[in-house]
Amino acid sequence: MKKISNPYLPNLVVIKKIISENDINDIKTFKLAFQDSRKTEDFGYKCGQFAEVSLFGVGECPIGIASSPLDDFLEFTVKKVGMVTTALHNCEEEWIIGVRGPYGNGWPIDRLEGHDIYILGGGFAFTTLRSLIKYVLHKENRESFGKLTAIYGARDPGELLYKYDLNEWTERDDIHVIPTIDRPYTGWTGRVGFPNQIIKEVAEDTGNSFALVCGPPIMIRFTVPVIVDLGFPPENILTSLEMRMKCGIGKCGRCNVGDKFVCKDGPVFSYKELQNMPKEY
C-alpha cells in the first residue's frame, strides 16, 4: 500500500538567530536552518509565499517568508499578538520548532522581469516585500529588472523594520528607498507622509510598470485607488491578502473570498482579479 504523506507534518528547524526589530520589542525576526540539511532544497519557495510555523504543544500560525529564495536560511518576522506568536517570542537560539509549506502563489517574478517596480509597504506587512527586494537586488538577478523603488511607511521611526537592510539599500545606486513615517517625530529627518502620497511624486512610466502593495487592509484600501489614478494597469497592480491566511492548504475554509481560497489561489492577487471578487478583504 502506498504511504500517504501527512500535509500537516512540519519539518524540524533550528533557531540560529533572533533579531529584535522594533523599539518596543514586540516584533522579532527568526533565522532558521533545517535540522536535516537535505530538507533545505525540498522546501524551495518563491518570494511572497508563506509557511506555517509551529511550536509543539502550543500550535501553529501562518507567517510570510521574509528571506529570499537565494538565501541559505529561512527567515520569519513575527509580531507578538497571540498565543503562538507569544510562545515564539519566548524561544531562544538553538531551540527546535516546526515549519511546513511553502504555500500560496507568491509574487509573479516572471511578469516583473524587464519592468520598473514600485513597492509600497506599510508596517509589519513589509516582510514578503523585503523578500522580493532582496531577490531582485541579488547580483545574479538585478539586470533582469528595471528601476526599483521602495516606499516603506511606519507609524514612527521605532516601528521601521529591517533598519540594517534599509541602511544598506540607501547606499546602493540600483534602488531608490524612501522610508516614511505617519506624522512628525522628534529627531526624524526623513520623509513624513503615507506611501500613497509619496507614490504620486516618484511614479514614472506607469503604463509599463508594476506596483506592489502590502500593508494593513486600510492602507490597501486607500492606496490602490491612487495607483489606479496614476495610470498603472489593473493587472500590474499586485497586492497580498496575507491577513486572510489560515491552514495553508484550503481545508478550513477561513480564508475564502468568494470562490477563492487565499491560501491556495493567493495570497497575491492583481487589482484586476480583485475587481471580480467580493469586497471581503
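The values are calculated or read from the model by the stated rules, or taken from the named source; none is laboratory data. Just so it is clear, the model here is predicted, and its values are computed rather than measured. Methodologically, a virtual Cβ is constructed for each residue, glycine included, from the backbone with ideal geometry; neighbour enumeration extends over all protein chains shown.
Which of the residues spanning the range 65-87 are farther than 17 Å from residue 22 by Cβ and either outside any helix (DSSP H, G or I) or in contact with a Leu (Cβ under 7 Å, 6 or more places away or on another chain) (or both)?
Listed by number, the residues that qualify are 65, 67, 68, 69, 70, 71, 72, 73, 74, 82, 84, 87.
Checking the conditions here, which among 101, 59, 48, 106 is over 21 Å from residue 22 (Cβ atoms) and surrounded by fewer than 19 Cβ atoms within 10 Å (Cβ to Cβ)?
Of 101, 59, 48, 106, the one residue that is over 21 Å from residue 22 (Cβ atoms) and surrounded by fewer than 19 Cβ atoms within 10 Å (Cβ to Cβ) is 59.
Answer with yes or no whether residue 181 is under 14 Å from residue 120 (Cα atoms) and either of a type in the set (Phe, Trp, Tyr) or surrounded by 20 or more Cβ atoms within 10 Å (Cβ to Cβ) (or both).
yes
Which ones in the range 1-56 are within 12 Å of residue 99 (Cβ to Cβ), assigned to a strand (DSSP E or B) and among the hydrophobic types (A, V, I, L, M, F, W, C)?
Once the filter is applied, which keeps residues that are within 12 Å of residue 99 (Cβ to Cβ), assigned to a strand (DSSP E or B) and among the hydrophobic types (A, V, I, L, M, F, W, C), the range 1-56 yields 12, 13, 14, 15, 30, 32, 33, 34, 50, 51, 53, 55.
Using beta carbons and a limit of 6 Å, which pairs, at least six apart or on different chains, have the first residue in the range 170-183 and closer than 16 Å to residue 202 by Cβ and the second one outside any loop (DSSP other than H, G, I, E, B) and of a type in the set (Gly, Ala, Ser)?
177/150; 180/153
Taking strands (runs of 3 or more DSSP E) that do not extend beyond the range 162-273, which have at least 3 residues that are hydrophobic (A, V, I, L, M, F, W, C) and assigned by TED's automatic domain parsing to the domain that holds residue 144?
Answer list for the range 162-273: 176-181, 210-214.
Go through (1) over 23 Å from residue 160 (Cα atoms); (2) of a type in the set (Gly, Ala, Ser); (3) touching a helix residue (DSSP H, G or I) at 6+ places or on another chain (Cβ under 9 Å) one by one and return the number of the condition residue 101 breaks.
Against the list (1) over 23 Å from residue 160 (Cα atoms); (2) of a type in the set (Gly, Ala, Ser); (3) touching a helix residue (DSSP H, G or I) at 6+ places or on another chain (Cβ under 9 Å), residue 101 comes up short only on (3).
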